[in-house]
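A short write-up of the structure that comes next.
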Amino acid sequence: MLFLYPNLPAILSNMLMMKGKNQKKINIKMWYVRYFLILMSSTFLIGLFFFSSSEGMMLFNKGNILAYNLNVLNSNQPIPFSHRKHNDVGLSCLDCHQMLGSGETAGFPSIDFCVACHQESNKKQSTLSIKLKTYKKEDKTIPWVRVYKLPDYIFMSHKKHVEPGVTCKICHGPVSKRDILKKEVSTSMKFCMECHQSRGASIECNLCHELNQ
C-alpha cells in the first residue's frame, strides 16, 4: 500500500493536524481514506482466495490457453502447431520426423499420420483439425515453413548424428518446450566445427562439402 501511495502517511498526518472550521471537512476526508483502505484490503483478500481455489486456477489457465492460441495463430506456419503440446502427450521428435531411406534427412509427418490422432467430432473441431481435413480432402501436402535450412552446397546426415547420441536440441534448440519455433541455434561452419571438436568428430572438409564440384 505504501509502495503504491508513498505520500499517504504525510497526507494523513497533515489532515490530523488541521483544526477549527475545517474539522467537518477533515472528518469527510478521513471517511474516504478509511473506505479506500478497506476496499483495497478486501480486494487483496478476495483475489488471494480466488487464485488459491481450483476454480480460480482453472480460469487462469484458460487465460493462458487463450494467449497460447493467439501466439500460435500469429506464427508463419500454415497450421497452428505446438511442439510443446505434442511433447507433453508423449510424442518424440522421431515419431513425427522419421528418417526414411538412408536416414540422411528427417522428414515431415504425413497428413494421414496427423489425422489419425486428431479425430475430433464435427461438433467440436479445432482450427488444426479443420485445416488438416482440408489438406487431406484436397490431397495436398502441408506447406510447412522451414526454420532451419542449410545451403545447397552443404550435406548433413541426420542418421550419422543421431546414432552417436547427438540429441535433436543440440542442433535445433529446446524444440520440445516451444509453442512457436524460431532459429535458436547457429548453422554456421564455426558452430559445427566447434561441436565436432568438442566431441572428437572429424572436421575434414569433405565431411560436409563436395570438393570436386
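The values are calculated or read from the model by the stated rules, or taken from the named source; none is laboratory data. Please read all numbers here as calculations on a predicted model, not as lab measurements. With ideal geometry, Cβ positions are generated from the backbone for all residues, glycine too; neighbour counts draw on all protein chains shown.
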For this session: Test Ser129 against the stated conditions and say whether it is modelled with pLDDT under 85 and either among the small types (Gly, Ala, Ser) or closer than 20 Å to Val175 by Cβ (or both).
Result: yes
Seminar exercise, completed: Being of a type in the set (Phe, Trp, Tyr) and free of Cβ contacts under 8 Å to residues at least 24 places away in the same chain narrows Phe191, Phe155 down to just Phe191
